[in-house]
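The structure appears below as C-alpha cells.
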Amino acid sequence: MAGRRILITGIASYLGTELARRLEQDPDVEYVAGLDTRKPKATLERTEFIEADIRNPVIARLIAPTRVDTIVHNQIVRRPAAERISPRAAHDINVIGSLQLLAACEKAESVRAIVIRGSAGIYGAEPGAPQFFSEDMARLYPLRTRFQRDVGEIENLFETYRRRHPHVTCTMLRYQPTIGPTQDTQVTRYLSMPLVPTHLGYDPRLQWVHERDAIEAFVAAVKNPVRGAVNVAAPGTIGLTKMIRRAGKVPLPLAAPLFPTITTAGRRLGLVDFSPDFRRVLRYGRAVDTKRLVEEVGYEPQFDAVAAVEDYVATHRGRQMVSPLRGAVVR
Amino acid sequence: MNAPPRRTATRPRPTPGTFPPPPAVGGHRPQTEGPSLWPAISFLRRVREGMAGGQDPVSALAGAGLALPSDARRSLDQVARRLSGLYPEDEWGFDEEFAEAAMPFMEFLYKRWWRVHVEGELNVPSHGRALLVGNHAGSLFPWDAFMIGTGILEEHPLPRFARFLVVNWAFELPWVSIAIRKFGGVPASPYNAIRLLEQDELVGVFPEGVKGTGKDFRDRYRLQRFGRGGFVEIALRTGSPIVPVAVVGSEEIYPKLAESRALARLTGAPFFPITPTFPLLGPLGTIPLPSRWRIEFCDPIDTSGYGPDAAGDRTLVFELSERVRETIQEKLYENLVKRGAAFP
C-alpha cells in the first residue's frame, strides 16, 4: 500500500519516536504525524508534531485535517510511578484518551486502520493458567489490577468501534514487557537493582520482548494491519532464577505475603518501583503464544526469551553488544 | 450425527518381537551410565562395576576412590554451571538435568521401596505424540505419576520423559510449583495438553483428578468419574493414541481413613487426608508405606482415524472415555489378583 498517511499518538515515548523514525524512512509512507503533550527527545525529519493532550476533545479537530488513513495508538501509560503521573491521571490518559481518540476517528472519515499498542497484562498472571495464552484467552480470569482493568476497558472500546465500523481494521497488539540494552523499562530496572527481590519458593516462567523486536513488530503491524488481537513477545520463556543467574545478580527471596509490603516500603525510599501487575508476574509468570504475529502479521522475532535477556546482560557487563544475528543464534 | 466407522488400533504397534528380549534382571536402561551428579553415587557405581569386572573388593574400592576427585570436580563444575544460569530449561520450565539428578532417588523408590513391576511398556510409543491415561491414587502425594514416568525410563527400550498434567492448586504452592515444573509437570489445562501433544510429547493425564486421589481407602481401585471426557477431546483434536495405564499399589501408600474439611479450608487444598500416620506423626507421616506395585500399559487406542472434528462429537467422546475407563478398571482387577498381598 503506497502513499500511507500515519498518525502516532504518544510520539514522545521511546517506542513512538522510534516508530516514527522507521516510518519516515519508508518510501511508501507519504506523511507521518505525531501527537503528544511533550516533544520527542530525538529529532525527527519529516514528522509533523501536533502538540495536544489526548484527553482533550480538541484532538478531533486536529486529526481530521491530516487526512490520515492509519492511526497508531501508542499513548497508554504502563508505569505511572516511573513517568511521574498519578494513578488517576494514568487512568484518564488510558481510558478517556482512547475514547477521545475514537471520537476523533469517527470524525476523520479517511481512517482505515487503527493499530493499538496494548498489553499482554490483560491475561494476568495466574498459577494454573494456560502456559501460553493465545489471543482468544483474554477473559479467562478476572481483571485484578488497575492497569488490567484499564487495558480491558481499552480493548472493549476498540472492539465496540470495530463492530460499528467494519471497514476499519483494528489491530490490538498485546505486548509483553520490554527488555533491551538501551531502553529503561520495568524489567531493566528490576535487573539493575543491587539485590533482586523474588518470591520465596517461586520460580516463574517469564517472557519479555526484546526492544528491537518490539519496534520491528510495531512497524510490521502498521504496514500489515490484521483484525483483532496479536500477541507480541519473544518466543520461548526463561525462568526467573535462570534470568537472575545469567545476569549475575543476587536474589533477595521474600516470603510471598510480605512481598507487597516490603516492595511498597522500598518504593517510598526510592529503591524499587513494582506495579501490582509486575509483582504478580514475578510470582506466577506469564507467557503468550506468538503464532499469530509470525503467521499473520508476518514478523518473526529475532530474539527468543533467553537471547533477549542475554543481549541485555552482555551490554550491561560492558561487553560489546552482540549483533542481532548472533543474539538469535547464540544462547 | 453419523459416527465415523470404529477403528481399533490401526496404528502399527510395536510387537515384543521387534526388540531384543529384556534382560532377566533390571531394565533396558544401562546400569553403568558413567558419573552421576552425586559423587557418592558415582563411587558406589564404580565399586559395583569393579566387583562385577572380577576385581577383589579392596582394589575395587581403591579404584573408585582414585576416581573420586575427578567425579567431585565434575559435579562441582556442573553446580558452578547451574549457578551461572547455564542449564537446560524448555519453554514449559522442564529441566532435564534436574530430573536426571533426581533419578537415583526415583530409582530407589521404584526398585527397592515399591518393587514396581511393569508390563506392556512397549505399548508406549517410542516417539511422537501419545496420551497416557491412568488411574489416580495416593491421597497425600500422588507418586503414581513419578512411578509411571520412571517405569518408562527404566523399562522402555527407547526411554523418554512423560509430561504430566498436574492439578492447578499445586502451582500456587511455594517450592512445590518449582519442583513440579522442573520434573516436566504442567497445569492441568486442555490448552497445555494440546500444545504439548502438538510438540509430539508424551503426555500423562489422570482424568479422575482429585476425586481419584481423595477417595477413601475403602473405595480403593474403584475408578471415579472420568471428568467430562476432556482427555478424549484432546486426543481426538491432536490425533494422539490413548494408552490406558493401570497402576496397582498406589492406593496403599497413604491409606486415607478420613478427611478434615477445616484443615482443607485453612490450607486451600482440595481435600486434607487423614491417614494412620498423617498428620499424627508429622513429617514422618509423609513417608509412604512400602506396598508392592504393578503398572500395566494397555493396548493403545488409535484416534487419528476420527479426524480432529470428532472432538465435538459428544457421543463418541463419552464412548471412548467409557472404553478407556473400562479397560483400566478391568486391568486393575487383573493386576490386583496377580499382585496378591499388598505388603509381603
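Is one or more of the residues making up the stretch B:160-179 basic (Lys, Arg) and closer than 19 Å to B:ILE253 by Cβ? Looking through the stretch B:160-179, none of the residues is basic (Lys, Arg) and closer than 19 Å to B:ILE253 by Cβ.
Scanning the stretch A:183-211 for residues that are under 25 Å from A:ARG84 (Cα atoms) and in a loop (DSSP other than H, G, I, E, B) yields a total of 7.
Residues in the stretch B:170-211 that are more than 12 Å from every other protein chain (Cβ to nearest Cβ), touching a helix residue (DSSP H, G or I) at 6+ places or on another chain (Cβ under 7 Å) and assigned to a strand (DSSP E or B): B:VAL203, B:GLY204, B:VAL205. Just one of (1) charged (D, E, K, R); (2) touching a Lys or Arg at 6+ places or on another chain (Cβ under 9 Å); (3) without any contact (Cβ under 8 Å) to a residue 12 or more places away in the chain fails for A:ARG149. It is (2). Inspection of the stretch A:50-60 finds no residue satisfying the criterion of being at pLDDT 90 or above, over 17 Å from A:ILE93 (Cβ atoms), among the hydrophobic types (A, V, I, L, M, F, W, C) and touching a strand residue (DSSP E or B) at 6+ places or on another chain (Cβ under 9 Å). Being surrounded by fewer than 13 Cβ atoms within 10 Å (Cβ to Cβ) and either of a type in the set (D, E, K, R) or in contact (Cβ under 8 Å) with a residue 12 or more places away in the chain (or both) holds for only one residue in A:ALA255, A:ALA265, and it is A:ALA255.
Identify all residues within the stretch B:335-344 that are out of contact with any Lys or Arg (no Cβ under 7 Å at 6 or more places or on another chain) and free of Cβ contacts under 8 Å to residues at least 60 places away in the same chain; write none if there are none. Listed by number, the residues that qualify are B:VAL337, B:GLY340, B:ALA341.
Given the criterion under 16 Å from the mean Cα position of the chain (by Cα) and assigned to a loop (DSSP other than H, G, I, E, B), identify the matching residue among A:ALA234, A:ALA221, A:ALA229, A:ALA214. Only one candidate qualifies: A:ALA234. Does A:PRO27 qualify as being part of a helix (DSSP H, G or I), over 25 Å from A:VAL187 (Cβ atoms) and not charged (D, E, K, R)? No; evaluated as a whole, the condition is false for this residue.
For residues in the stretch A:269-294 being part of a loop (DSSP other than H, G, I, E, B) and within 12 Å of chain B (Cβ to nearest Cβ), which is farthest from A:ALA233 (Cα to Cα)? Within the stretch A:269-294, the match that is farthest from A:ALA233 (Cα to Cα) is A:GLY285.
The criterion of at least 3 residues that are touching a residue at least 12 places away in the same chain (Cβ under 8 Å), within 14 Å of chain A (Cβ to nearest Cβ) and closer than 18 Å to B:ARG163 by Cβ is met by the following helices (runs of 4 or more DSSP H) wholly inside the stretch B:57-112: B:96-101. Among the residues of the stretch A:170-178, at least one is in contact (Cβ under 8 Å) with a residue 12 or more places away in the chain and either among the charged types (D, E, K, R) or assigned to a helix (DSSP H, G or I) (or both).
Quick grid of which residues meet (1) out of contact with any Phe, Trp or Tyr (no Cβ under 6 Å at 6 or more places or on another chain); (2) of a type in the set (A, V, I, L, M):
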{"position": "A:VAL32", "(1), (2)": "yes, yes"}
{"position": "A:LYS39", "(1), (2)": "yes, no"}
{"position": "A:PHE49", "(1), (2)": "yes, no"}
{"position": "A:VAL95", "(1), (2)": "yes, yes"}
{"position": "A:TYR123", "(1), (2)": "no, no"}
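If you go through the stretch A:224-252 and pick out every residue that is surrounded by 18 or more Cβ atoms within 10 Å (Cβ to Cβ), more than 8 Å from every other protein chain (Cβ to nearest Cβ) and polar (S, T, N, Q), you end up with 1. Among the residues of the stretch A:6-24, those that are assigned to a loop (DSSP other than H, G, I, E, B) and either polar (S, T, N, Q) or on the phi < 0 side of the Ramachandran plot (or both) comprise A:ILE11, A:ALA12, A:SER13.
The values are calculated or read from the model by the stated rules, or taken from the named source; none is laboratory data. Model, not experiment: these values are computed from the prediction. All Cβ positions, glycine included, derive from the backbone under ideal geometry; neighbour counts span all protein chains shown.
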